[in-house]
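Working notes, structure below.
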Amino acid sequence: DYLKNHGMEEISIEDLGTKEHVFSHLIWNLQGYRILIKEKPASFSGLWVKKKDLKTTYPIPSAFSYFKKKIL
């Protein structure tokens, strides 16, 4: 629904699994997906970055490092 509501059509959706991230006061149960889309929508408020830039330019919080390893 999110993709369709933002003008994106998926080619494939891959389940990357789940990961638990523990903070001192709460636990996040995270579910990751790799989604390939047909084309970038004309209007979207997010960032589109290349894998090489994800490694060096854009920091990813440690809670998501499990998924970063899977997509890189």
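The values are calculated or read from the model by the stated rules, or taken from the named source; none is laboratory data. Quick caveat: nothing in here was measured; it's all calculated off a predicted structure. Reconstructed Cβ throughout: ideal geometry from the backbone, glycine too, with neighbour counts over all protein chains shown. Side chains are part of the model used for accessible areas, which takes the heavy atoms of the whole protein and leaves out ligands, DNA and RNA. Shrake-Rupley method; radii C 1.70, N 1.55, O 1.52, S 1.80 Å.
Going by the conditions given, is Gly32 touching a residue at least 40 places away in the same chain (Cβ under 8 Å), in a strand (DSSP E or B) and open to solvent by less than 90 Å² (accessible area, probe 1.4 Å)? Criteria not met by Gly32.
Whenever a residue of the range 50-72 is assigned to a helix (DSSP H, G or I), its partners that are open to solvent by 80 Å² or more (accessible area, probe 1.4 Å), lying with C-beta atoms within less than 8 angstrom and at least six residues away or across chains, give the pairs Ala63/Trp28; Tyr66/Lys19; Phe67/Lys19; Ile71/Lys51. Once the range 4-18 is narrowed to residues that are open to solvent by 90 Å² or more (accessible area, probe 1.4 Å) and either hydroxyl-bearing (Ser, Thr, Tyr) or touching a Phe, Trp or Tyr at 6+ places or on another chain (Cβ under 8 Å) (or both), the residue that is nearest to Ser65 (Cα to Cα) is Thr18.
If you take the residues of the range 35-49 that are open to solvent by less than 70 Å² (accessible area, probe 1.4 Å) and part of a loop (DSSP other than H, G, I, E, B), which of them is farthest from Asp1 (Cα to Cα)? Per the stated criteria, the residue is Val49. If you check Asp1 against the conditions, is it acidic (Asp, Glu), loosely packed, with under 11 Cβ neighbours inside 10 Å and within 15 Å of the chain's Cα centre (by Cα)? Considered against the rule, which asks whether it is acidic (Asp, Glu), loosely packed, with under 11 Cβ neighbours inside 10 Å and within 15 Å of the chain's Cα centre (by Cα), Asp1 comes out as no.
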